[in-house]
Amino acid sequence: MALRRVLRLTALWLVGSSIVASAAWASPSPASIVFDRTGDLYAIRLGHGVSQLTSTFAREHAPVWSPHHQRVAFAVGKRAVGVLNVATGRRRVIARLPDRIDGIGALAWSPNGNSIEIGATNTFRRKKLFRLNGTVWAVRTDGSALRLVVGGQGFLTGLAFTPDGKRVFASTEWPNGVILWHRHAPLGVISFAPDGSGVRLVRRTTASDLDMSRDGRHVAYRGWIRTCHACGEIWRMSPNGSGAHVIALPPKGYDGLFDPSFSPSARQIAIVATHGRHASLWIMRADGSRLHRVLGHVSGVDW
């Protein structure tokens with residue numbers, strides 16, 4: 001127990017250090033869903049039990065699978081990014097964003113698995129008003145070449161690469177009580193090149209928690225036109241912004257839906273449903289049918 005405590009403390013203080021996770025998976029499966037629970041990472045194979053992937057004192061959240069489900073990228077605290085090798089259980093913090101960053105809202109692997117894009121936000125007070133600056137950063141998976149690629153956006157809570165790796169899609173919103181640093185920043189679903197060039201609005205709407213199917217044919221996101229900002233329903237559309245429609249509303253007794261994530265086959269979508277302070281994992285078909293509960297006490301899911 002004493003050694004385990006030392007290892008946990010080391011993870012907090014040494015950026016780039018490695019620890020052994022409490023439960024390594026010998027054979028990661030594309031059928032596995034990764035999620036965070038009380039600051040640690042877990043995964044579940046449908047039809048099997050839950051496996052704990054990490055156990056540290058650091059708050060780990062927003063996990064995302066690498067393209068072949070061999071590694072998991074995740075946020076650590078407010079501004080660090082880690083990578084976990086699921087087979088070996090080795091966990092490494094690869095990057096730390098500048099101190100002005102207040103939080104990481106989204107991560108996305110490039111299709112070749114060589115880099116990770118990071119959606120982060122900083123809020124600051126100027127002339128007695130709170131202002132928000134949404135940013136996207138890029139880093140190689142070995143921790144090198146950390147750089148800012150996009151700035152001046154709204155609150156970023158979803159990132160996804162197109163299958164060819166040529167564009168990155170993002171969901172961006174305007175939270176209550178703040179002023180955007182760039183007042184005319186596009187809000188809704190946007191896209192840009194991985195180097196940050198060519199930012200364009202795909203669809204002006206309410207949007208957060210965006211994901212794209214592996215085949216690149218569909219985009220899913222959380223909206224709140226039919227419910228409320230604190231609640232949310234799940235929408236689906238084409239990557240060109242057409243055909244947007246609601247596919248799922250909160251089940252009876254639940255407040256809202258969050259974090260849609262396509263299965264590797266794009267035939268199903270995992271989501272988080274909230275009831276007060278409680279959140280649970282639900283799964284449905286990609287058209288929103290057959291919505292059913294799988295597991296309680298989860299957040300930040302990725303399939």
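The values are calculated or read from the model by the stated rules, or taken from the named source; none is laboratory data. What you see is a predicted model; the values in this text were computed from it and never measured. Cβ coordinates were reconstructed from backbone atoms using ideal geometry, including for glycine residues, and neighbour counts include every protein chain displayed.
Filter region 206-254 down to the residues that are of a type in the set (D, E, K, R) and in a strand (DSSP E or B) and list them by number.
Correct list: D209, D211, R222, E233, R236.
Specify which of the listed residues (S22, S51, S18) is surrounded by fewer than 22 Cβ atoms within 10 Å (Cβ to Cβ), modelled with pLDDT of 50 or more and more than 18 Å from the chain's Cα centre (by Cα).
When all the criteria are applied, what remains is S51.
Which ones in region 111-161 are at positive phi and in contact with a Ser or Thr (Cβ under 7 Å, 6 or more places away or on another chain)?
G113
What are the residues in region 71-100 that are surrounded by 22 or more Cβ atoms within 10 Å (Cβ to Cβ), under 17 Å from the mean Cα position of the chain (by Cα) and part of a loop (DSSP other than H, G, I, E, B), if any?
The one that is surrounded by 22 or more Cβ atoms within 10 Å (Cβ to Cβ), under 17 Å from the mean Cα position of the chain (by Cα) and part of a loop (DSSP other than H, G, I, E, B): L97.
Taking region 200-215, which residues are farther than 11 Å from F262 by Cα and buried (at least 18 other Cβ atoms within 10 Å of the Cβ)?
V202, R203, T205, T206, A207, S208, D209
Please identify the pairs in which a residue from region 281-297 that is touching a residue at least 60 places away in the same chain (Cβ under 8 Å) has its Cβ atom under 9 Å from the Cβ atom of a residue that is surrounded by 12 or more Cβ atoms within 10 Å (Cβ to Cβ) and of a type in the set (D, E, K, R), counting only partners at least 6 apart or on another chain.
Pairs that qualify, where the first residue is touching a residue at least 60 places away in the same chain (Cβ under 8 Å) and the partner is surrounded by 12 or more Cβ atoms within 10 Å (Cβ to Cβ) and of a type in the set (D, E, K, R), are L281/R293; I283/R293; A286/R236; H297/R37.
Which pairs have Cβ atoms under 9 Å, sit 6 or more apart or on different chains, and link a residue in region 53-68 that is more than 11 Å from F35 (Cβ to Cβ) and without any contact (Cβ under 8 Å) to a residue 24 or more places away in the chain to one that is surrounded by 22 or more Cβ atoms within 10 Å (Cβ to Cβ) and of a type outside the set (D, E)?
The qualifying pairs are R59/A75; R59/V76.
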